[in-house]
Amino acid sequence: NSKTKWGVLMGDICLISPKFCGYIGGMETHGYEFVKFFVTNSINPIRAIFTKEKIEDGVPVGTTVHDGNAVSEEYTPNWAKPYINPVLTGDFQKDAEIIIAKSNFPETILYLNSPTWTPICMLIRERFPSTKIIIRSGGNDLVAGWIGNEKDRTRNLEESKECLVNIINNSVDHFIVNSDYSYNRTIAAGVNPTKIIKIVGGVDCKSFIPAKSRHDNSITVITSARLVNFKGIEYSIEAFKKASAMTDTNLRYTLIGDGPERK
């Protein structure tokens, strides 16, 4: 919501989302719902969506590829297509220039759907000191020290994290996290607490309607996530096995997910 404790932010929005539609994940879901809400907003309409030019680490589920560009024609709604610019390369100087050319800074609000393109914040802030820059974190990206498609892999994890945190503290207005856990981890990483905003996600009850209650005293545990190694799903499965061995209650475990590392 643009009406927050820092007042009303005026201006259109440029969204940076490394992936948009056609892929299962919290970042992609958030990006889709974010655009769906703001695309017709009278105060903060969407001006542009910037996403990757190509996906080098394997094509995501549900994505078709044409001429090397990542395109999700089947999964991208028609109302979003006019705004999508698959131009991000990982050359942050080049990406910043492209974004500036297609934006209206400082009146435009720059919103990053993940911290992976954080370095462009510094470049845009240098040119437009008064523009508003907001980053949303899913929880893992900042701690993992991910920085876009950066080719130089010689920097170690702590140096990468320190680089991101310094840019956030010096060039970003607000850093959004989605839980108490992420809030505490972000502070521990060194982000200035005054920049952190906690917005806990909700459930769309029109799309997800609770089923009728069961009467067999069973307990169902559900994990919904991309099937990628860093999610640590194997730990939840192991914990479930141990819990099942410690109780007579009928326990069920359901795993919902998809991804390029399916096993």
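Descriptive notes on the structure:
- Residue list for the range 92-144, filter: among the aromatic types (Phe, Trp, Tyr) and within 21 Å of MET10 (Cα to Cα): PHE105, TYR111, PHE128
- Of all positions in the range 70-78, none carries a residue that is in a loop (DSSP other than H, G, I, E, B), within 23 Å of ASN229 (Cα to Cα) and either open to solvent by less than 80 Å² (accessible area, probe 1.4 Å) or at pLDDT below 90 (or both).
- Identity of the residue in the range 228-255, within 17 Å of ASN217 (Cα to Cα) and charged (D, E, K, R), that ends up most open to solvent (accessible area, probe 1.4 Å): ASP248
- Residue in the range 151-164 that is buried (at least 17 other Cβ atoms within 10 Å of the Cβ), β-branched (Val, Ile, Thr) and at negative phi present: no
- ILE196 open to solvent by less than 40 Å² (accessible area, probe 1.4 Å), of a type in the set (Val, Ile, Thr) and within 21 Å of ASP91 (Cβ to Cβ): no
- On the stretch given as the range 225-263, residues that are modelled with pLDDT under 80 and assigned to a strand (DSSP E or B) total 0.
The values are calculated or read from the model by the stated rules, or taken from the named source; none is laboratory data. A quick note: this is a predicted structure, and the numbers were derived from the prediction, not measured. No Cβ is skipped: glycine too gets one built from the backbone with ideal geometry, and neighbour counts run over all protein chains shown. Accessible surface areas use protein heavy atoms only, side chains included; no ligands, DNA or RNA. Shrake-Rupley method; radii C 1.70, N 1.55, O 1.52, S 1.80 Å.
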